[in-house]
Every structure is written in C-alpha cells, then in structure tokens.
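Novice: Sharing a structure below in structure tokens format, with a few things to ask.
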Ligand SMILES: [Fe+2]
Ligand SMILES: [Fe+2]
C-alpha cells in the first residue's frame, strides 16, 4: 500500500480555511469557491486539444452577488506550463450561456442517521436542490457514505435496516433518479442477520440493492455523457484501490466508449485530491506529509495513467474527505465534494459546512461546478476545527 501520495497536480485551486472569510450567518468559514445558489463558479476541462480554465472565485462569501466567471482557451502546450504550478486565467467566455447536456446535483457523504436531526437535514438539502428558480437537475450523482455507518463490527441487521429505512424515507423528496456509488460506511458487517436483512446481504450487497445500483461498479449514459461509478472498496474490507478485475473492467469500459463522448467518473475516495495533504494536519509526520491510502486512491498513479490514454475523461467526482477541493491533472478535473452532512451532522468539517455540488455538464466536455451551502444551520456545534 502506498502511504505517501505526492500530488503533482497541474493546478490546485481552493481557498484555505484559514484564509477565507466567515459565513456571516453561521460563523463558519466557507469551502473553496463556496457560492450562494445565485453564484457562479465555473471551470472547464480541455477539449481534445484545448483547455478551458475558468477562474476560481476564491474569495467570494455566499452572500455576495454572483461574479462573472472568466475563461480562455489554453493550448495543450500551455497545459504543461500550467503543470509547473501557474494558473493562467483571462478572457470572458461564459459557459453558462450554453444549454447544458446534463444538469445534476452532486451529493456525497449524506451519512443519514436517526440522531442529530439528520433526516431533517437531508430533507432540507433536497428542498434546496429542487428549489432553484431557473435550474433543476436531471439526475442526482451520489458518491457514497449514504448511511451513517453500517460497516462497524457491532452493527446488527436491525440497526442497518433502520439507517436504510431513513434513507428510503428521505429520498421520497427527490424528484429525479439517483445514481450512486458505495462508500466505505455503506458496507454491512453482517452481524445478526434477520429475515429482512439476511447474511447474503453482507458487504456491498445490502446497499447495492437499496440504492438501486446494477452492480458494485457500473456505467451508464445520459445526455451524451458517459458516467462510470467505481467501487473504491473493491477489495473490502481493505479499500483505497481497485482490484485487478475492477481495473480491467474500467479499462474495457473506457475502451468501448466513443472518443467523442465526454466521461464523468464517480468514486467515493478521491482518485486525486489535495484535501489529504491538509486534512486536520493528521498527515504530518516529521518533515513529510503522508496521505493514507484509505483517504485517497493509493492507485492514483495507475488510474490517472489510464485516463491519459482517454482524453475524453473530463471530470471525476468524489467525497469521503468531507472537505472540498478541485484539482486538475492532465486535463482531468478532480473535485472532492465535501459532505452533505458536514462533520457527520455535528457541524462543519474544518470549516466546510454541509453542502452539495450544483453541476452543469456540456456536450463539448466542459462543465460548471458550484459548491452550494444549502443553509443547514450548524447550531452551536463546532464540528472539527484545527488549532494552529
Ligand atoms: Fe463520509
Ligand atoms: Fe467515506
């Protein structure tokens, strides 16, 4: 297992929690690029030979008026300049003027449970997702940890069924299909099976069934985009990489997707992310930052190398870290979407409040992604904070 992940991301964007202004309503520091639902935070990956780099609006608190995104075509050659660490932004193109091919909300790490008013929070999230004036999703993309936690050794079938039941109640408020992948907490430990949740439901089976997934990993097409849902726990209970069978399946799926079809990949663990380097300072060992393979895909080197052979891979969405970032590497954007639950409904996670992603995907492979604070009050809960 690889414990140290040295990220050579071509671009890293996102506001440090220590540099952002507090949300005036909640007192919490917003995530990188956090915007109100009216806000605009657009970025677009390259076309086959062109990259659209959108200006990240890093200092905009949620209450401000939307800013205009700016963008400019960047040549493939420029991409390597960008890889050296500079962010080049100019121009005035507006991706939002075009009609999206797919509109979606990216939710992740819902962690629904009975306590902490979590069901009400999930209700508020769906209300917000479907409450936009001029925008509504065609599909919801859910990158896992849907239930609080059914993977612990002491979680009985009855306890697992309770969490599943809460989710089934909550999704009655969802007006469009939900496409999910599994999170590490969605794997049932198998304790004390019942007639309703028998032993065969151990591991991924229970949530694969309850989330309506065709399999632990699968792909589908919508609106001219191809979507691939990976299983970051394919070697469960170990996780953080794809087994050989899973990787071979991914290879085959990419190979049979037409080159002109843009691809969006879903995984619970980020394939690439910078969150792990800064997460709570927990990775700091001596003079090194060591990112555990259970945080970010330990096989990121192999997956990104495979993506290199398929320039139509445009966007990878993930969760797991409960913090937000966006990074671009070799023309693929990797977005870690925070958590709908914040810090397990206990406040913010190092300043990242409960949120979801509002996403427009365009036919040419570009996209807009906005982090949306849906306004769940974090009350007096502090969540996790890092003392520096
Ligand atoms: Fe989670
Ligand atoms: Fe997770």
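Read-outs throughout are calculated quantities, based only on the coordinates presented, and are distinct from any laboratory measurement. What you see is a predicted model; the values in this text were computed from it and never measured. As a convention, Cβ positions derive from the backbone with ideal geometry for all residues, glycine included, and neighbour counts pool all protein chains shown.
Novice: For the peptides 118-125, 278-285, what is the packing order when you average, over each peptide's residues, the other Cβ atoms within 10 Å and list the highest mean first?
Specialist: Output ranking for 118-125, 278-285: 118-125, 278-285.
Novice: What's the extension gain from residue 138 to residue 117 if we count 0.36 nm per residue and subtract their Cα-Cα distance?
Specialist: Value of the extension gain: 4.8 nm.
Novice: If the chain between residue 302 and residue 130 were fully stretched, how many nm would it gain, using 0.36 nm times the residue separation less the Cα-Cα distance?
Specialist: Values: separation 172, 0.36 × 172 = 61.92 nm, distance 3.77 nm.
Stretched fully, the residue 302-residue 130 segment lengthens by 58.1 nm.
Novice: Which order, highest average first, do 215-226, 366-377, 179-190 follow once you tally other Cβ atoms within 10 Å for each residue and take the mean per peptide?
Specialist: Result, highest mean Cβ count within 10 Å first: 179-190, 366-377, 215-226.
Novice: Rounded to whole Å, give me the distance from the Cα center of segment 177-209 to that of segment 328-345.
Specialist: 24
Novice: Please figure out what share of the DSSP beta bridges in segment 100-373 is antiparallel and state it in percent, rounded to the nearest 5.
Specialist: 55
Novice: Under the classification rounded if a/c is under 1.5, otherwise prolate if a/b is larger than b/c and oblate if not, where does segment 100-373 fall, given a ≥ b ≥ c as square roots of the Cα gyration tensor eigenvalues?
Specialist: Rounded, since a/c falls under 1.5.
Novice: If the label point is 7 Å along Cα→Cβ of residue 252, which residues in segment 202-217 have backbone nitrogen under 15 Å from it?
Specialist: Within reach of a label on residue 252: 215-217.
Novice: Another question, then. Could you sort 253-263, 142-152 so that the peptide with the highest average Cβ count within 10 Å comes first and the rest follow in order?
Specialist: 142-152, 253-263
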